[in-house]
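S.K.: My questions all concern the structure below.
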Amino acid sequence: MNIGGCFWGHPAHGYFSPYQMETLTDGPEGEYLTQRLGSEAVRLIRERDKTKPFFLNFWHYAVHAPMQAPADLVAYFEEKSRKMGLDKLDPFEVGEHFPIEAKKDQRVVRRTIQSDPVYAAMIYSMDQTVGQLVETLRSGRWKYIEFYEDNSRHLFDLETDIAEKHDVASIHPELVERFHQLLSEWLSDCKAYFPTVNADYGAD
């Protein structure tokens with residue numbers, strides 16, 4: 001059974017009903033797709049044949065950036081962000097910091113903070129940092145960021161600017177070019193896949 005699944009990378013007609021989607025009937029005017037898919041998943045779980053095995057593969061069209069969302073949800077999370085003080089922060093570094101579990105002699109190392117990158121000096125972002133498909137590279141004190149969307153290149157000195165407020169790419173063009181070449185060569189060596197233009201997009 002396929003509910004809401006198709007070849008679209010994102011809802012071609014928006015995140016609100018009418019969806020004009022072959023695999024999902026339109027809901028009431030203005031119904032939010034994310035909430036609708038959640039409701040459909042709950043319905044399938046509740047109405048399933050309990051005498052047979054059950055598997056649900058649930059993929060949202062929801063994204064990491066607030067492209068389209070109900071105004072009340074946007075207001076709720078903006079207020080939550082304000083209370084947590086997150087509205088005053090804008091660091092890209094958040095994409096490369098996460099908790100891990102490490103073992104030494106079969107014992108878990110607890111309460112340890114590792115300041116250096118754990119998985120290689122060069123980091124090809126495994127997630128969409130700040131909502132963009134992006135490449136990042138760490139080399140000592142330097143953090144280099146390259147955005148696919150506008151091909152912009154950014155450089156930050158994490159020793160003096162941990163919040164990444166001051167882009168110093170224009171001050172160190174030689175480092176920008178060096179890191180660009182290093183990252184390009186590494187991506188080529190590991191045969192990384194890149195987004196390409198779909199010539200058939202929008203064609204009848």
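S.K.: Looking at segment 123-138, is at least one residue open to solvent by 80 Å² or more (accessible area, probe 1.4 Å), modelled with pLDDT of 85 or more, closer than 30 Å to Met67 by Cβ and part of a loop (DSSP other than H, G, I, E, B)?
M.R.: Scanning segment 123-138, I find no residue that is open to solvent by 80 Å² or more (accessible area, probe 1.4 Å), modelled with pLDDT of 85 or more, closer than 30 Å to Met67 by Cβ and part of a loop (DSSP other than H, G, I, E, B), so the answer is no.
S.K.: Moving on to the next point. Would you mind telling me which numbered condition in (1) surrounded by 11 or more Cβ atoms within 10 Å (Cβ to Cβ); (2) β-branched (Val, Ile, Thr); (3) free of Cβ contacts under 8 Å to residues at least 40 places away in the same chain Thr51 fails?
M.R.: (1) is the only condition that Thr51 fails.
S.K.: Looking for whichever is modelled with pLDDT under 85 and of a type in the set (Asp, Glu) here; the options are Glu174, Glu149. Which one fits?
M.R.: Numbers: Glu174 fails: modelled with pLDDT under 85.
The match here is Glu149.
S.K.: Further question on the same structure: Can you tell me how many residues in segment 13-28 are part of a loop (DSSP other than H, G, I, E, B) and either within 14 Å of Tyr61 (Cβ to Cβ) or among the basic types (Lys, Arg) (or both)?
M.R.: Here the count works out to 7.
S.K.: If you don't mind, there's one more thing I want to ask. I'd like to check something: does segment 29-41 contain any residue that is under 30 Å from Asp200 (Cβ atoms), assigned to a loop (DSSP other than H, G, I, E, B) and under 24 Å from the mean Cα position of the chain (by Cα)? Write out each step before concluding.
M.R.: Here is the first cut: in segment 29-41, the ones under 30 Å from Asp200 (Cβ atoms) are 31-34, 36-37, 40.
After this cut, where a residue has to be assigned to a loop (DSSP other than H, G, I, E, B) as well, the list is 31.
From what is left, the residues that are under 24 Å from the mean Cα position of the chain (by Cα) are none.
Checked segment 29-41: no residue is under 30 Å from Asp200 (Cβ atoms), assigned to a loop (DSSP other than H, G, I, E, B) and under 24 Å from the mean Cα position of the chain (by Cα).
S.K.: Hey, among the residues in segment 155-184 that are touching a residue at least 40 places away in the same chain (Cβ under 8 Å) and in contact with a Phe, Trp or Tyr (Cβ under 8 Å, 6 or more places away or on another chain), which one's farthest from Thr196 (Cα to Cα)?
M.R.: Initially, segment 155-184 is screened for residues touching a residue at least 40 places away in the same chain (Cβ under 8 Å), giving 156, 158, 162-165, 179, 182-183.
Adding the requirement that they be in contact with a Phe, Trp or Tyr (Cβ under 8 Å, 6 or more places away or on another chain) leaves 156, 158, 164, 179, 183.
Values: Phe156: 28, Leu158: 32, Glu164: 29, Phe179: 23, Leu183: 19 Å.
So the residue we want is Leu158.
The values are calculated or read from the model by the stated rules, or taken from the named source; none is laboratory data. Worth saying up front: this structure is predicted, and the values here are computed from it rather than measured. A quick note on method: Cβ atoms are made from the backbone with ideal geometry, for glycine too, and the neighbour counts reach across all protein chains shown. These area figures cover heavy atoms from the full protein model, side chains too; ligands, DNA and RNA do not enter into them. Shrake-Rupley method; radii C 1.70, N 1.55, O 1.52, S 1.80 Å.
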